Amino acid sequence: MVRYGILDTPGEEAFDGIVRLATKLCGTPIGMITLVTSKRQWFKARVGLDEMETPLDRSICVHALPEPTLFVIPDLTRDARTMANPAVTGPSAMRFYAAEPLRTASGHGLGTLCVIDREPRETGPTLSQAEILTALGDRVISLFEARRASLAEKETALRLRPSEALIQGVLAASPDCIMVLDLEGNLVFMNEPGMSLMGIDDFGAIAGSSWHRSWTGSAGAKARQAVSTARAGTPARFEGWADTRPGISKYWHVMVTPIAGSDGRPDRLLVVSRDHTETKRDVERQAGLVALNRTPAGHRRPHGGRRPGRRDGRACPRPVAGRLRNRRPVGRGHRVRA
């Protein structure tokens, strides 16, 4: 009963109208939608009765709850279950009673939709009246279920508020660029650190745009393939260069993950991109330095690339251009030839 949130609520035209229609089609002066608890019988809607509720010892509807279908007592004064009921013996003088039990999908009885006459009806309701009561009872249950679903949704939203606050805190604290895409790869959300990394002041300016268009070179094809893979239900990774809003190229490591909807199938795509620009450029600088220290193949210097040294560890001097060739020892009686 609590899950439906109907007990002790104000009157509503949707329920009042059903009771008016039931009494009119069945030709009775009294009609009610009742909810029966362990202590009382409360009327969600009523016609021909001033009371809002009655104690269980005056309830006729309590006898209808165990019944699977329409419950009828042609003459309340002649039925052992009701002949001593104050509603029958007292001023109300109820005689004829017909009720459609209001049951949940699990079979739990909540109350009834009933019509009452002050004259007995030995033949009970007509076939069409019985069908009308059953159909209107189904309508009441539908309204009850709609109320229950609405309450459940609100309760879920309340429970999720702390979780949403936690998620927002995580997104705001993350150093990564975190985005949500629709299944076509269009931007739906981006966290604030991500907007800062991408040089974006207003997300509204890029909302709905194609994510893969920011990627340069072959990375654009990788981005499209990652969206396609995640859309099919499998996470995807890739890395590549992408331009920020101001046109600055950055190197990103990217993870694209499907976000399942209520039916278990991918409904959105989560993209987490980490800036690896400095790491990428350090690797490229190191590679450049290695290349500069190398000579063409087959022309490497002897001795590991060093000039021969003297015994004292110092390198021998380089030949100086212009020095004399084929020097002879200079001694007495000798001249140096040019």
Check your understanding: Within region 34-43, is there a residue that is modelled with pLDDT of 95 or more and either open to solvent by 20 Å² or more (accessible area, probe 1.4 Å) or within 35 Å of the chain's Cα centre (by Cα) (or both)?
Key -> no
**Study point:** Number of the condition not met by GLY240 [criteria: (1) in contact (Cβ under 8 Å) with a residue 40 or more places away in the chain; (2) closer than 26 Å to ARG281 by Cβ]
**Key:** (1)
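Residues LEU269, LEU197: which one is in contact with a Leu (Cβ under 9 Å, 6 or more places away or on another chain) and not aromatic (Phe, Trp, Tyr)?
Working: LEU197 fails: in contact with a Leu (Cβ under 9 Å, 6 or more places away or on another chain).
Just one listed residue meets the conditions, LEU269.
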Study note, to complete from the structure: Filter region 90-102 for residues that are at pLDDT 95 or above and open to solvent by 10 Å² or more (accessible area, probe 1.4 Å); the one that is farthest from PRO29 (Cα to Cα) is PRO101
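For (1) modelled with pLDDT of 85 or more; (2) surrounded by 10 or more Cβ atoms within 10 Å (Cβ to Cβ); (3) β-branched (Val, Ile, Thr); (4) part of a strand (DSSP E or B), each residue gets a yes or a no:
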| position | (1), (2), (3), (4) |
| --- | --- |
| SER228 | yes, yes, no, no |
| TYR251 | yes, yes, no, yes |
| THR257 | yes, yes, yes, yes |
| GLY304 | no, no, no, no |
| ARG323 | no, no, no, no |
Check your understanding: Looking at region 103-135, which of the residues that are under 19 Å from ARG58 (Cα atoms) and under 48 Å from the mean Cα position of the chain (by Cα) is surrounded by the fewest Cβ atoms within 10 Å (Cβ to Cβ)?
Key -> GLY109
Exercise for review: Can you tell me which residue within region 166-199, out of those that are touching a Pro at 6+ places or on another chain (Cβ under 8 Å) and not aliphatic (A, V, I, L, M), is nearest to PRO246 (Cα to Cα)?
Suggested key: GLY199
Review point. Cβ-Cβ below 8 Å, separation at least six or inter-chain, first residue in region 191-209 and closer than 18 Å to GLN168 by Cα, second loosely packed, with under 12 Cβ neighbours inside 10 Å and of a type outside the set (Gly, Ala, Ser): which pairs?
Key: PRO193/PRO175; MET195/ASP201
Review point. Where residues in region 58-74 are part of a loop (DSSP other than H, G, I, E, B) and open to solvent by 20 Å² or more (accessible area, probe 1.4 Å), which of them is nearest to ARG121 (Cα to Cα)?
Key: PRO74
Review point. Given ARG285, ARG268, ARG245, ARG274, which one is part of a loop (DSSP other than H, G, I, E, B) and either at pLDDT below 90 or closer than 19 Å to MET190 by Cβ (or both)?
Key: ARG245
Check your understanding: Does any residue of region 190-208 turn out to be assigned to a strand (DSSP E or B) and closer than 29 Å to GLU153 by Cα?
Key -> yes
Review point. Can you tell me how many residues in region 101-152 are in a strand (DSSP E or B), closer than 20 Å to GLY48 by Cβ and without any contact (Cβ under 8 Å) to a residue 40 or more places away in the chain?
Key: 0
Exercise for review: For region 1-55, please list each of the strands (runs of 3 or more DSSP E) lying entirely inside it that holds at least 3 residues being of a type in the set (Lys, Arg).
Suggested key: 40-47
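The values are calculated or read from the model by the stated rules, or taken from the named source; none is laboratory data. Predicted model only: the values in this text are computed from it and were never measured. Every residue, glycine among them, receives a Cβ derived from its backbone with ideal geometry; neighbour counts consider all protein chains shown. SASA here: full protein model, heavy atoms, side chains in, ligands and nucleic acids out. Shrake-Rupley method; radii C 1.70, N 1.55, O 1.52, S 1.80 Å.
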